[in-house]
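First comes the structure, then the notes that go with it.
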Amino acid sequence: MSTTDDFRKLRKEFSSGTFKQVYFLHGEEPFFIDRVAAEIEQHALQEHERDFNLTILYGKDTEPSALVDTCLRYPMMAERQVVVLREAQAWVQRGNADPFDKLDPYFKNPTPSTVLVICYKHKKADGRKAWLKDLAKRQVVFTSDKLKEEKLPGWVQQYVTHHKRRIGPVESKLLADHLGSDLGKLINEVEKLCLVCEPGGSITSDLIQRYVGISKEFNIFELQNAMGNRDHYKAQRIAQFLGSDRNSPLVLTIGLLSSYFAKLGVVHANPGKSQADLAAALKVPPYFVRDYAGAARNYPPAKLKAVQHLLREADLRSKGVGNSSADDGDLLRELVARVVM
């Protein structure tokens, strides 16, 4: 199962009041780790029980023995207590010995009335460790992987649906493209939009512009479309705006354009494919296939090869290589002009 599938499964279990005694949450994506821990805190204890039965500890300040002692306590006037160890990855930085080995006896015989949540962020724990393999058989080991770029718009749509709102594929892609792969930042903005949108309502480009600050006319998504259509005037207008927008760094814009033109190469490499097959090859929703196919007709393989060279050159110049005077705005406008011509 994927990280998102596991996340939904756990959230359903928590809502029904089902809990294990130990949750080891690890991986490169901190968002899911934080959310699983928050869901446990919310559902495992009632609000009036948290003062005495919710304990938050930090890896840099806590010894394994102190964590075990805390877990061995009994809850006060509640069915269970919740113990959360945050920043557990700090333990492995202390020396060669694995502190989790010291927890193995507790993992094998945890206190029935304690829910222990261990948050190990920014990397995966060593899957070869015996304690981790054994823990996965007895309790819950949740691996939080980074979402792939092409999965972000779909995740936004699912998240909005969970909050009983609606968002279209264009708007979800606009948010994903502009905010990037920082899932925490992306979801914070989505939650902000959900707050200003009535239940059952739609998150529109107007709302996104008003509350997130992404222009519905001047954004990377529209720049890609304008360049794909070889619309020089519109592309330059958008480049003028983005070149002066501090929230749209040139390096990020070039990276997104490189990804876009690489997808046009995928279209050329898959002639005659059905819309579904081409969507799978492009790793985009079928809704966008027609746009990519149309743009590919405007950029035959020879032109695409030249575009890739221009993008590499612009990337180097944006980092100061071979560029002594042009600012980011000048570089972007020059790049757009040379690509679209």
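The values are calculated or read from the model by the stated rules, or taken from the named source; none is laboratory data. For clarity, every value in this text was computed on a predicted model and none was experimentally measured. In this analysis, Cβ positions are derived from the backbone assuming ideal geometry, glycine residues included, and neighbour counts consider all displayed protein chains.
Things worth noting here:
Residues are listed down the side, and each one gets a yes or a no for (1) at positive phi; (2) hydroxyl-bearing (S, T, Y); (3) surrounded by fewer than 16 Cβ atoms within 10 Å (Cβ to Cβ):
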{"site": "V117", "(1), (2), (3)": "no, no, no"}
{"site": "H122", "(1), (2), (3)": "yes, no, yes"}
{"site": "A125", "(1), (2), (3)": "no, no, no"}
{"site": "R138", "(1), (2), (3)": "no, no, yes"}
{"site": "S144", "(1), (2), (3)": "no, yes, no"}
{"site": "Y159", "(1), (2), (3)": "no, yes, no"}
{"site": "R165", "(1), (2), (3)": "no, no, no"}
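- In the stretch 290-341, residue modelled with the lowest pLDDT [restricted to those that are under 20 Å from K234 (Cα atoms) and outside any helix (DSSP H, G or I)]: M341
- Residues within the stretch 21-45 that are among the charged types (D, E, K, R) and touching an Asp or Glu at 6+ places or on another chain (Cβ under 9 Å), tallied: 2
- Total residues in the stretch 8-28, condition within 24 Å of L152 (Cβ to Cβ) and surrounded by 19 or more Cβ atoms within 10 Å (Cβ to Cβ): 4
- Of all residues in the stretch 13-44, those satisfying the criterion of being charged (D, E, K, R) and closer than 10 Å to K121 by Cβ are E28, E29, D34.
- Exactly one residue among A226, A279, A262 is among the small types (G, A, S) and farther than 15 Å from D177 by Cβ, and that residue is A279.
- Residue tally, condition in contact with a strand residue (DSSP E or B) (Cβ under 8 Å, 6 or more places away or on another chain) and either outside the structural domain of K129 (by TED's automatic domain parsing) or under 23 Å from K108 (Cα atoms) (or both), over the stretch 12-32: 9
- Residues of the stretch 167-187 satisfying the condition of being under 14 Å from R35 (Cβ atoms) and buried (at least 16 other Cβ atoms within 10 Å of the Cβ): L183, L186, I187
Every residue, every condition in (1) touching a His at 6+ places or on another chain (Cβ under 8 Å); (2) at pLDDT 95 or above, yes or no:
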{"site": "V82", "(1), (2)": "no, yes"}
{"site": "R86", "(1), (2)": "no, yes"}
{"site": "D98", "(1), (2)": "no, no"}
{"site": "K102", "(1), (2)": "no, no"}
{"site": "T111", "(1), (2)": "no, yes"}
{"site": "K124", "(1), (2)": "yes, no"}
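- Matching option when the condition is modelled with pLDDT of 90 or more, out of contact with any strand residue (DSSP E or B) (no Cβ under 6 Å at 6 or more places or on another chain) and farther than 19 Å from F19 by Cβ, among L174, L132: L132
- For D5, the stated conditions hold: it is under 30 Å from L147 (Cα atoms), acidic (D, E) and in a helix (DSSP H, G or I).
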